[in-house]
Every structure is written in structure tokens, then in C-alpha cells.
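The values are calculated or read from the model by the stated rules, or taken from the named source; none is laboratory data. In this text, all values refer to a predicted model and were calculated from it rather than measured experimentally. Here the Cβ positions follow ideal geometry from the backbone for every residue, glycine too, while neighbour counts run over all protein chains shown. Ligands, DNA and RNA are stripped out before the accessible areas are found, and what is left, the full protein with its side chains, is counted by its heavy atoms. Shrake-Rupley method; radii C 1.70, N 1.55, O 1.52, S 1.80 Å.
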Amino acid sequence: MAAVTTPTLITVAPTGAETEKANAPSLPVTLDELVSTARACERSGAGVIHIHIRDSHARPSLDPVALRETVQAVREATDLVIQLSTGGAVTDSLTSRISVLDAEPDSCSLTCGTVNFGDDVFANPWTFIVELYRRSQELEVVPEFEIFDLGQVYTLHRLLEREGLPYGGRIHCDFVLGVPGGMPGTITTLAAAVAALPDGATWSATGVGRQTMPVALAALAAGGHLRVGMEDTLTYSPGRPVRDNAELVERAATLATLAQRPPMSTEDARALLNVKDRRAGSRGVV
Ligand code: KMH
Ligand code: ZN
């Protein structure tokens with residue numbers, strides 16, 4: 001377990017694939033909205049941005065050209081670690097989800113198993129996990145292992161045993177708790193998942209909806225990092241919609257500071273995850 005004095009990595013997941021713009025007007029769905037969100041969240045203490053993009057009708061998209069433009073625009077505007085979602089929407093094909101890596105992000109999400117997702121199924125068969133992982137190694141993209149259920153931690157062990165370490169050599173996981181069909185946002189569940197991690201792994205956690213606060217507080221107490229954002233949370237407090245993503249990052253930064261684990265800088269986030277430096281003028285080495 002990380003020392004409880006470790007600075008906190010804050011990841012913002014600003015958009016997701018599930019919420020409709022009509023139901024959350026501050027959801028960033030255009031490139032301009034995403035870039036200004038990224039800037040505001042960086043100022044508020046975020047170190048990583050987990051990106052899903054939308055098309056011109058605000059529908060979830062994995063369009064390769066738009067993904068590349070998005071990565072370039074956020075990279076020019078901020079120093080955030082750019083993580084593209086390979087989870088996409090439940091309707092996306094496995095092939096299009098692997099092609100996301102061609103947009104040259106710093107990092108990508110990599111979900112370690114299939115999970116019921118509300119009324120849908122979020123499909124992540126073993127052969128897909130392996131193919132995506134090998135492609136991330138080949139393209140020098142650092143995966144963040146998304147864990148929606150306890151068994152997925154054991155799939156991660158199996159993956160590492162068979163395929164070796166990820167690009168960059170660090171094992172970083174994100175626990176997503178509270179998805180209907182996945183593990184619940186309770187302290188006992190989080191503790192069991194953390195206890196099952198591979199040695200030396202770092203982790204963040206996010207609780208969906210009403211599980212946001214208990215999971216954030218538990219993660220800080222246990223030495224974990226935080227993921228926040230409108231992908232996971234649309235209500236700041238009961239009955240009060242979130243103003244925007246920066247408000248959730250500000251709250252996370254406040255909690256982390258109160259816990260005497262203030263937000264990590266973007267440079268420290270880059271070092272923690274050991275991402276390849278793809279910014280203009282960099283030497284491009286890890
Ligand atoms: N939209 C969910 C089906 C990820 O980004 O990797 C999957 C998801 C996970 O959001
Ligand atoms: Zn996502």
C-alpha cells in the first residue's frame with residue numbers, strides 16, 4: 001500500500017459515453033468544450049484526463065481522425081497525461097476499440113473483464129484483453145487497468161504472468177465501483193480489491209453516483225488516488241447537479257489536501273505512470 005503521505009493523482013473523466021448532453025448541459029462534447037474543460041481541470045489539480053469523444057450530434061464516437069485531433073489539441077493546451085478510453089460505448093466493436101491506440105495517446109484504459117453494465121453488457125473477452133495489451137506495448141502506450149469487479153484483478157494477474165509488464169513498467173489500476181452489475185462502492189469491497197493487487201501496483205478509485213464520496217474518502221485513507229468527473233458523477237450533492245467537471249476536481253483537490261496528500265503535479269503524474277513524453281520538443285524517451 002502506498003504511504004498515506006503520497007501526493008494524490010487526480011484523474012478527471014469528463015464525458016463518458018452514457019450521459020446525454022440534453023441531460024447535463026455542462027458535459028463537454030465538442031473539441032472546444034473538451035479543451036477548455038481540460039485546461040480548467042488542470043488548473044484545479046488534475047494530472048490525467050480520461051477521454052471519450054462525441055460526434056457532431058453529441059453521440060459517442062471512436063472516429064480515428066477526431067481522436068487524433070483531440071489528442072493533439074489537448075496535448076497542445078495542457079500538460080495533462082492524455083488517456084483515451086478503449087472502453088468506448090457498449091455498442092462499439094472490439095476492433096474499433098483497439099484502433100483507438102493509433103491516435104497516439106500517452107495512456108489508454110484497459111478493462112480486465114466483461115461486466116454487466118446496467119441493462120447492457122460491457123464486453124471485454126480475454127482474447128480482446130490480450131490483443132489490446134499487446135498493441136499498447138507495441139505502440140508504447142501506458143495502460144491503466146480498469147477494474148469493475150473483484151475477479152478482474154485476477155485476470156490482471158493472469159495477463160501480467162503471460163504477457164509481461166506494460167509499456168513503462170508500472171502497473172496502475174483504476175477501480176470503478178458502483179456500476180449496476182459490478183462491485184459496490186463499499187469500504188470492504190475496495191479493501192478486498194486493493195489487497196488482491198499485484199505487488200507494487202498503484203491505484204485510483206471512483207464511485208459512481210451516490211458512491212462517489214464514500215469511495216473517494218476511503219481511497220484517500222487507504223493510500224489510493226482519485227478519479228472524478230461527469231463520466232461517473234452528475235450530482236454534487238443530493239438534488240444538486242454538478243456545475244462542471246472542474247467543480248469535481250476542485251472538491252477532490254480539497255479532500256486530498258485535507259488528507260495531507262495534496263494533488264500531484266502533471267510532471268509527477270507523468271513520472272508515476274512513466275508515460276512516453278510525446279509533447280513537442282521532448283526527446284520522446286521514458
Ligand atoms: N463506457 C463504458 C461502457 C473505459 O472508458 O475504458 C466503458 C468505459 C470504460 O467507460
Ligand atoms: Zn471511460
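Modelled this way, with points 7 Å down the Cα-to-C-beta line, the labels at Thr254 and Ser93 are 4.7 nm from one another. Rolling a 1.4 angstrom probe over region 72-201 with all protein chains present gives an accessible area of which 50% lies on carbon and sulfur atoms.
Distance between the pseudo-spin-label points of Trp126 and Ala73 (7 Å out from Cα toward the beta carbon): 4.1 nm. Each of Thr30 and Ser56 was given a label point 7 Å from its Cα along the Cα-to-Cβ line. The distance between the two points is 1.2 nm.
Rolling a 1.4 Å sphere over the protein heavy atoms, what is the accessible area per residue of the chain, to the nearest Å²?
Values: 12010 Å² over 286 residues.
Accessible surface, normalised per residue, equals 42 Å².
Relative contact order for the chain: 24 percent, from Cα pairs under 8 Å spaced at least 6 residues apart, divided by residue count. In this structure, Asp63 and Glu163 have a Cβ-Cβ separation that, at R0 = 35 Å, corresponds to a calculated FRET efficiency of about 0.75. I want to make sure I understand the PRE zone here: with the label point 7 angstrom from the Cα of Val4 toward its beta carbon, which residues in region 192-235 have backbone N atoms less than 14 Å away? Taking a point 7 Å out along Cα→Cβ of Val4, the residues of region 192-235 whose backbone N falls under 14 Å are 217-224. Taking a Cβ cut-off of under 15 Å around Asp79, the surrounding Lys, Arg, Asp and Glu residues balance to a net charge of +1, with basic ones at +1 and acidic ones at -1. Cα centroids of region 103-182 and region 26-79: 22 Å apart. How big is the dipole moment of region 82-173 about its Cα centre under a simple scheme where the beta carbon of each Lys and Arg is +1, that of each Asp and Glu is -1, and everything else is neutral? Debye, nearest 20, please. Using Cβ point charges on Lys, Arg, Asp and Glu, region 82-173 gives about 260 debye. Remark: region 10-285 carries a charge dipole of roughly 440 debye about the Cα centre, counting +1 on each Lys and Arg Cβ and -1 on each Asp and Glu Cβ.
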